[in-house]
Amino acid sequence: MRYAIVIEKADNNFSAHVPDLPGCVATGSTIEEVESQIREAIAFHLEGMREDGIPIPPPASRVEYVDIAA
């Protein structure tokens, strides 16, 4: 499965979340670290859902960019 993630810059680190998996979040001091951490968080989150008998939601979010003249 391929889930969209959102990475945001915070004051001293980066955070990431998965729109299709509420509560699935991670932080890291670099973009590379937060990407690694969110991969682990997704795997852990899905494992917990399976153990609890909760259906795994299919990826539904889409990420697009728009260009705006400044």
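Summary table below
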quantity	calculated
Percentage relative contact order, the chain, counting C-alpha pairs under 8 Å, at least six apart	28 percent
Per residue accessible area of the chain, 1.4 Å probe, in Å²	77 Å²
Surface share of carbon and sulfur [accessible, 1.4 angstrom probe, percent] for the chain	52 percent
Where the Cα pairs of the chain fall when distances are cut into 5 Å bins, in %	3, 16, 23, 21, 16, 11, 5, 2, 1, 0
Helical mean residue ellipticity (222 nm; -39500 (n - 2.57) per DSSP H run of 4+; nearest 500) of the chain	-10500 deg cm²/dmol
Tilt relative to the chain, helix 31-51 - C-alpha long axis, 0 to 90 degrees, to 10	20 degrees
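The values are calculated or read from the model by the stated rules, or taken from the named source; none is laboratory data. Just so we're clear, the structure is a prediction, and the values are computed from it rather than from any experiment. Just so you know, the surface numbers come from the protein's heavy atoms only, side chains and all, with ligands and any DNA or RNA stripped out. Shrake-Rupley method; radii C 1.70, N 1.55, O 1.52, S 1.80 Å.
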